[in-house]
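Data block below; observations after.
Read-outs: derived from the displayed coordinates by stated rules, not from any lab. Since the structure is predicted, the reported quantities are computational estimates derived from the model, not experimental observations. Glycine gets a Cβ as well: all are built from the backbone with ideal geometry, and neighbour counts include every protein chain shown.
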Amino acid sequence: MAKTYENLMLQQMKALQSWRAAVSHYPHVIDETQQGLVRTLLALCVEYMTDPSTELEQDITEEAHELADAVLPHIDVELAIQIFRDELVDSILKNLSFQPDAAPRVLRFSNLISDAFYRVYSESLKRTIRHQKMESLSNELRVAKGIQQRLVPQSAPKVEGFDFAGRLIPAAEIGGDYWSIKEHLEENIITIKLADVSGHGIAAATLVSAVKFISGGYFQSAKTPSWVMEQTNRVLAKETPTEILVSMVYGWIYTKTKEISIVNAGHEPVFICNPEGCMDIPPTGPVLGISEARYGETKLQLRPNDILFFGSDGITEAGRGTPFGVARLKRLISENRHLPAGELADRIIERVMDFAGGKIHDDLSLVIAKVTEDVAIEE
């Protein structure tokens, strides 16, 4: 028995030496660790020829997997198979003595090595593809974020008799909200809008761009804000997926009379506050993108000290269990009504973020229009 064991060890050593000689022209890809793993594979092969058990197949697979992990980061899979399967099996056949019925086991041993190497290669390839996809997505997000930053105003216009502010804090790298305040001098109109697209990311940002340009484009030929909303909705209903919806509030402030006409497409919160309290401005039509619809208007006479507020539901729904809510928002505005519009907007964002523990799950956006005390109303 001892002599048989010595014979097997000698044959195993010769097989190892034969393999080393066969792959000697690849010194840059074979180190001591890999040679140790090959030595173990040879020992497992010898044992497998006499005892082809499932447990040994598992051991061979694990050892080959470890070898593949060590090798494949440095060489391609075809070369790895040639070195660590073909040359190894060739050395085994030349130097180890087996019974004739052991041939299928040698083939099985070879297949176990192949399977391990291709499995590791496949896993590595999947990781690489995922990484490339993530990089590509990240690049797309950076581009989309840059586009969105250019779409959203960097500041609100300065108009005598008014104090405007707008803010957008996206929950993701890019968001699905949009606000705009624009003065049209020739028409003596200030357009003010806030839109909330369902979802975040590239799809939402793309639709935000559409909402901006469609609604803005229809202004020049419009007689009423409701007509602009109806035309915007008509385009969105025809051209966008039904699962993507847009709530939007849009108003025209007539600078000479200080009146405002507001069209509310399923959006909230929308309200106006004065020293006596706050009044909600309800929807005057459905959210955009479902089907063609007619929209009504809410007309108000603006007075000194009025504060008009458009906000996204990301503000009222922010929180950890308990939402921030509309009542808390109205109270916050009333208590800080003395602040300029920009400072009031920042105070709201700050309080909401604190209330939510710094973690928001939806975009925070708002528009504030304060009517200053020196406003004059033309009769």
query = Quick one: if the Förster radius is 22 Å, what FRET efficiency do Glu55 and Asn7 give, using the C-beta to C-beta distance and rounding to 0.05?
reply = 0.35
key: Listed residues Val120, His74, Ile60: farthest to the positive end of the dipole of the stretch 2-132 (Cβ charges)   = His74
key: Listed residue (Pro170, Ala156, Leu245) projecting farthest to the positive dipole end of the stretch 153-371, Cβ model   = Ala156
task = Return, ordered by residue number, the residues of the stretch 284-326 whose backbone nitrogen is under 14 Å from a label point located 7 Å along Cα→Cβ of Lys158.
result = none
ask   = What number, in percent, do you get for the relative contact order of the stretch 2-132 if the mean sequence gap of Cα pairs under 8 Å and at least 6 apart is divided by its residue count?
value = 36
task = Could you please report the charge total around Ala43, scoring K, R as +1 and D, E as -1 over all other residues with beta-carbon less than 14 angstrom from its beta-carbon?
result = -3
note = Computed over the chain: longest principal axis from alpha-carbon atoms vs helix 54-71 long axis, angle to nearest 10 degrees, is 60
request  = Please say if the stretch 153-371 is rounded, prolate or oblate, where rounded means a/c under 1.5 for a ≥ b ≥ c the square roots of the C-alpha gyration tensor eigenvalues, and otherwise the choice is prolate for a/b larger than b/c and oblate otherwise?
outcome  = oblate
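Can you give the FRET efficiency for Thr33 and Glu259, using 1/(1 + (r/R0)^6), R0 = 56 Å, r = Cβ-Cβ distance, to the nearest 0.05?
0.10
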query = Any idea what the relative contact order of the chain is, in percent, if you count C-alpha pairs under 8 Å spaced at least 6 apart?
reply = 15
message = Report the Cα centroid-to-centroid distance between the stretch 59-105 and the stretch 254-289 in angstrom, as an integer.
response = 75
note = the stretch 2-132 -> Rg/Rh from Cα coords, Kirkwood Rh, value 0.99
query = Could you give the angle, 0 to 90 degrees to the nearest 10, between helix 326-335's Cα long axis and the longest principal axis of the Cα atoms of the chain?
reply = 60
task = With a 10 Å radius around each residue's Cβ, average the other Cβ atoms per peptide and rank 292-298, 96-102, highest first.
result = 292-298, 96-102
query = Tally Lys/Arg at +1 and Asp/Glu at -1 over every other residue whose Cβ is under 11 Å from the Cβ of Glu78; what's the total?
reply = -1
query = Would you list Ser114, Ser91 from fewest to most Cβ contacts within 10 Å?
reply = Ser114, Ser91
message = Suppose the chain between Met279 and Ser24 were pulled fully straight at 0.36 nm per residue; how much longer would it get relative to their current alpha carbon spacing?
response = 83.2 nm
note = Cys residues of the chain with no disulfide-compatible partner (no other Cys Cβ under 4.7 Å) are Cys45
key: Rough spin-label spacing in nm, given labels placed 7 Å along Cα→Cβ, for His184 and Asn305   = 3.2
For the stretch 242-366, the fraction of alpha-carbon pairs in successive 5 Å shells from zero, as % = 2, 10, 19, 20, 20, 15, 9, 4, 1, 0
key: Dipole-positive endmost among Cys45, Ser91, Ala22 within the stretch 2-132 (Cβ charges, Cα centre)   = Ala22
remark   = Computed on Cα atoms, the radius of gyration and Dmax of the chain in angstrom are 35.7, 119
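With +1 on each Lys and Arg Cβ and -1 on each Asp and Glu Cβ, and nothing else charged, work out how big the dipole of the stretch 153-371 is about its Cα centre, in Debye to the nearest 20.
300
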request  = With runs of 4+ DSSP H residues as the only contributors, calculate the mean residue ellipticity of the chain at 222 nm using -39,500 (n - 2.57) per run, divided by the residue total and rounded to the nearest 500.
outcome  = -16000 deg cm²/dmol
Angle between the chain longest axis and helix 32-50 axis [Cα atoms, degrees, rounded to 10] = 60
query = Between Ile129 and Asp115, what is the spin-label point distance in nm, taking each point 7 Å from the Cα along the Cα→C-beta axis?
reply = 2.2
inquiry  = Under 29 Å between alpha carbons, and skipping anything fewer than 8 positions from Lys193 in its own chain: which lysines qualify?
reply    = Lys145, Lys158, Lys182, Lys212, Lys223, Lys238, Lys256, Lys258, Lys299, Lys330, Lys359, Lys370
inquiry  = Let me spell out the model: positive unit charges on the Cβ of Lys and Arg, negative unit charges on the Cβ of Asp and Glu, origin at the Cα centre of the stretch 282-379. What dipole size does that give, in debye rounded to 20?
reply    = 420
